[in-house]
């Protein structure tokens, strides 16, 4: 009888763990942006371009905007700064399908709780390409960015298992859009 109870306990525990792990993150409609790819190079004249993926899957591009709100050293932006940046972007016409966006948005929490490797100097005059994901706090109105990967003069990467998948996905999007 005791073995039966123990088996039932473990079956229920496994079912609980399985359903908890399958829990999907719902994309918060109040979170305006989820991902950003940002390239900056000061070496051969100022170059600044990239794209933002919003909560609807729209890919919004920018190229040398006259005004831009860069995240601080902790990758923090206010809600109004993000709103301003979106206003400086153009809609590329590319839209990420809802299920695909949800799949990659589900990785944000894991990535943001992982460490990033130390910066390593690997080039000169190559600029900096940053792959960033964002979490939004409705309470504070703050976007907390997390560096997924940086390439260029310096490199570093997030150590989370999903980081490589997200970076590859963002690179594929970057290759398919025209920077306006």
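The values are calculated or read from the model by the stated rules, or taken from the named source; none is laboratory data. Because the structure is predicted, anything quoted here is derived from the model rather than measured. All Cβ positions, glycine included, derive from the backbone under ideal geometry; neighbour counts span all protein chains shown.
Residues checked against (1) closer than 18 Å to residue 50 by Cα; (2) buried (at least 17 other Cβ atoms within 10 Å of the Cβ):
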residue	(1), (2)
108	no, yes
117	no, no
128	yes, no
134	yes, yes
138	no, no
150	yes, yes
- Output the number of residues of the range 57-94 satisfying the condition of being more than 19 Å from residue 142 (Cα to Cα) and under 16 Å from the mean Cα position of the chain (by Cα). 5
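So if I check each of 122, 82, which one is farther than 16 Å from residue 40 by Cβ, surrounded by 15 or more Cβ atoms within 10 Å (Cβ to Cβ) and in contact with a strand residue (DSSP E or B) (Cβ under 9 Å, 6 or more places away or on another chain)?
Working: 122 fails: surrounded by 15 or more Cβ atoms within 10 Å (Cβ to Cβ).
That would be 82, the only listed residue that is farther than 16 Å from residue 40 by Cβ, surrounded by 15 or more Cβ atoms within 10 Å (Cβ to Cβ) and in contact with a strand residue (DSSP E or B) (Cβ under 9 Å, 6 or more places away or on another chain).
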- Could you say whether any residue in the range 151-164 is out of contact with any helix residue (DSSP H, G or I) (no Cβ under 8 Å at 6 or more places or on another chain) and in a helix (DSSP H, G or I)? yes
- Query: List the pairs whose first member sits in the range 115-133 and is at positive phi and in contact (Cβ under 8 Å) with a residue 40 or more places away in the chain, whose second member is buried (at least 16 other Cβ atoms within 10 Å of the Cβ) and assigned to a loop (DSSP other than H, G, I, E, B), and whose Cβ atoms are under 8 Å apart, counting only residues at least 6 apart or on separate chains?
  - Reply: 125/153; 127/153
- Say whether the condition of being under 22 Å from residue 173 (Cα atoms), free of Cβ contacts under 8 Å to residues at least 12 places away in the same chain and surrounded by 14 or more Cβ atoms within 10 Å (Cβ to Cβ) is met by at least one residue in the range 49-62. no
- Task: Report yes if residue 118 is at pLDDT below 95, assigned to a loop (DSSP other than H, G, I, E, B) and over 19 Å from residue 32 (Cα atoms), otherwise no.
- Result: no
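Is it true that residue 6 is at pLDDT below 95 and either over 16 Å from residue 130 (Cβ atoms) or in contact with a helix residue (DSSP H, G or I) (Cβ under 6 Å, 6 or more places away or on another chain) (or both)?
Working: at pLDDT below 95: yes; either over 16 Å from residue 130 (Cβ atoms) or in contact with a helix residue (DSSP H, G or I) (Cβ under 6 Å, 6 or more places away or on another chain) (or both): yes.
The answer is yes for residue 6.
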- Task: Among residues belonging to the range 91-108 that are outside any helix (DSSP H, G or I) and in contact with a strand residue (DSSP E or B) (Cβ under 9 Å, 6 or more places away or on another chain), point out the one that is farthest from residue 178 (Cα to Cα).
- Result: 107
